[in-house]
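Working notes, beginning with the structure itself.
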Amino acid sequence: MGTISNQTDQWNANLYDNNHSFVSNYGESLIDMLAPSKGERILDLGCGTGDLAKRLFDQGVQVIGVDKSNNMITQAVEKYPEIPFFVQDATELLFKSEFDAVFSNATLHWVKPPKQALQCIYNSLKTGGRFVAEFGGKGNVQTISDAIYNQLGSDTNKTDFPWYYPSIGEYSSLLEEIGFKVTFAHHYDRPTPLEGPNGLSNWIKMFALSFFNGLDERKLEQVITKIENQLKPSIYNGSKWIADYKRICVIAIKE
Ligand code: BEZ
């Protein structure tokens, strides 16, 4: 039996496309906020398997997609060979004043240190260019994280917390320190249905496995069942799990 361990690429691109399409579906409204014009050069930062980059491409945008995960980029290239996709870490971007906009959907809560990523984003933009992003904010999936810690008990290693969930004040300050003008910032609840009765288990296996490093697969299943039992009264509505997502949405301009 295998043991859950830190992998260099934790992302399963097929699972992502099959069970978590809601991630890019929610991104559609972020495209509305981006309001792309034909011919603009736009970087899709954390493009996953490329679905939103494809929407931009179809609107006449010169889009480039980057993601840290080789698995995601391989799948993006297979699905949309007409779009340039590259494996790149958001904290190590080398673009210099190339883009009219940097767009990022449901990615930046994975990226640490956040200020280094923001500096790279700033450097990638032309003067006057815009940064339009949506990601997890303070309190995001707190109910689920608390239940994971509660059920792991002494197996918990708090230093493994994989996400960065800032408050709006903290993130706006970081943006201003880099030199951005923040023109829009919103922190809001977005209860998010997970697909099917196994939605919570699938979500944990897709996104939260790092909490379970060192556990064997049988123990993992046992802990997940306990988490489900704990959370059923609060976030299961009889047919679906509803995750307590809290989002930050920002627009900032490079001055
Ligand atoms: C999010 O989009 O907020 C998210 C996704 C996976 C894990 C944690 C947060």
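The values are calculated or read from the model by the stated rules, or taken from the named source; none is laboratory data. Keep in mind that this is a model prediction, so the values were computed, not measured. Every residue, glycine among them, receives a Cβ derived from its backbone with ideal geometry; neighbour counts consider all protein chains shown. Note: accessible area is taken over every heavy atom of the protein model, side chains too, but ligands, DNA and RNA are not part of it. Shrake-Rupley method; radii C 1.70, N 1.55, O 1.52, S 1.80 Å.
Tabulated results
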item	result
Accessible area in square angstrom per residue, the range 97-255, 1.4 angstrom probe	42 Å²
R0 of 25 Å, Cβ-Cβ distance PHE161-VAL77: FRET efficiency to nearest 0.05	0.20
Solution diffusion estimate, µm²/s, Stokes-Einstein, the range 158-238, Kirkwood Rh from C-alpha pairs, 25 °C, viscosity 0.890 mPa s	155 µm²/s
Vicinal HN-Hα couplings computed from phi for the range 216-228 (Karplus, 6.51 cos²θ - 1.76 cosθ + 1.60; Hz; Gly/Pro x)	7, 5, 5, 5, 4, 4, 5, 5, 4, 4, 5, 4, 4
Using alpha-carbon coordinates, inclination of helix 22-34 to the longest axis of the chain, degrees	30 degrees
Projected label distance in nm at SER210 and TYR188, using a 7 Å step from Cα toward the beta-carbon	2.8 nm
Residue-level accessible surface for PHE57, protein heavy atoms, 1.4 Å, Å²	70 Å²
Under 5 Å, built H, 5+ apart or other chain: amide partners of TYR245	VAL141, ARG190, THR192
Rounded tilt (10° steps) of 70-79 against the dominant C-alpha axis of the chain	60 degrees
Positive-pole candidate from ALA133, GLN88, SER21, dipole of the chain, charges at beta carbon	ALA133
37 °C / 0.692 mPa s Stokes-Einstein diffusion coefficient of the range 34-191, Kirkwood radius on C-alpha pairs, µm²/s	196 µm²/s
Lys/Arg +1, Asp/Glu -1 at C-beta; the chain dipole; positive extreme among GLN230, SER172, ALA208	SER172
With Cα atoms, 0 to 90° folded angle of helix 114-124 axis to the chain main axis	30 degrees
Test item: Cα-centred dipole of the range 108-255, Lys/Arg +1 and Asp/Glu -1 on Cβ, debye	300 debye
